[in-house]
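Down below is the structure, laid out as structure tokens.
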Amino acid sequence: MTKYIKQICRICGKEFTGREHRKTCSRVCGNIYRGRNKELRKQHEIKTGKRICSRCKIEYDLSEFTSSGARSIYCRKCWNKYTVDQFNKQKKKFVDMLGGKCSRCGYSRYIGALEFHHKNPIEKEFNIRCKSRPEKELEVEISKCILLCANCHREVHEELRDYNLLDVHT
């Protein structure tokens, strides 16, 4: 049996009677809530000073949204989660390109412990962790690397320092 309860619309604030799962009083408010009508959504933002995150669907003050030039559709929390997810997805792809395990000891249990080491430090153009580069450039830079676990990577750098092949600050 469907349960009808009194609720308050998340967009206009009117009281309405509806099913438990409903968040809005009408189709118009529903479209604003789901981000389908950009013009109405802008009017709602101007009137209330709030925006609904496209990812978590929670309404926040405009100050809770990142302002990196373009109008952000994600709240700060969702934007942070999105960027971490994108980074992890990209790292997994590059780790798989290099065999998925440490080329020295074979470690492969945790992807966070695997690091990219440039075979020739002189050929290094930029740090792999730089996310603002196009993917093609990153792939070219990855091809100059081997995959090492954190322990082996530290050992390799220590060996290079012992032979004075690597500057101490790298």
Pop a pseudo-label 7 angstrom from the Cα along the beta-carbon direction at both LYS136 and VAL28 and give the gap in nm to one decimal.
-> 4.9 nm
Listed here are the pairs LYS38/LYS91; LYS77/LYS124; LYS89/LYS144; LYS23/LYS93; LYS57/LYS89; LYS23/LYS77; which of them are more than 29 Å apart at the Cα?
-> LYS38/LYS91; LYS77/LYS124; LYS23/LYS93
Per-bin percent of Cα-Cα distances, region 6-152 [10 Å] = 10, 28, 19, 16, 15, 10, 1
Carbon plus sulfur, as percent of the 1.4 Å-probe accessible area of the chain, comes to 50 percent
Step through the residues of region 53-66 one at a time and calculate ³J(HN,Hα) from phi using the Karplus curve (6.51 cos²θ - 1.76 cosθ + 1.60, θ = phi - 60°), rounding each to whole Hz and writing x for Gly and Pro.
-> 5, 5, 9, 9, 6, 9, 8, 10, 4, 4, 5, 7, 9, 5
Simple spin-label estimate for TYR4 and ILE111 in nanometres, 7 Å along Cα-Cβ = 4.9 nm
Given a 1.4 Å probe, the accessible area of region 1-108 per residue, as a whole number of Å², is 71 Å²
Provide, for q = 0.13, 0.21 Å⁻¹, the log10 of I(q)/I(0) from a solvent-free Debye sum over equal Cα point scatterers in region 74-137.
-> -0.45, -1.00
Kindly express, to the nearest 10 degrees and within the range 0 to 90, the angle between helix 76-97's C-alpha long axis and the longest C-alpha principal axis of the chain.
-> 40 degrees
For the pair ARG76 and TYR60, the simple spin-label estimate (label points 7 Å beyond Cα toward Cβ) gives in nm 0.7 nm
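The values are calculated or read from the model by the stated rules, or taken from the named source; none is laboratory data. Everything numeric here is computed off the predicted structure, so don't read it as measured data. Note: ideal-geometry Cβ built from the backbone for every residue, glycine included; neighbour counts use all protein chains shown. Heads up: the accessible areas ignore ligands, DNA and RNA and are worked out on the full protein's heavy atoms, side chains in. Shrake-Rupley method; radii C 1.70, N 1.55, O 1.52, S 1.80 Å.
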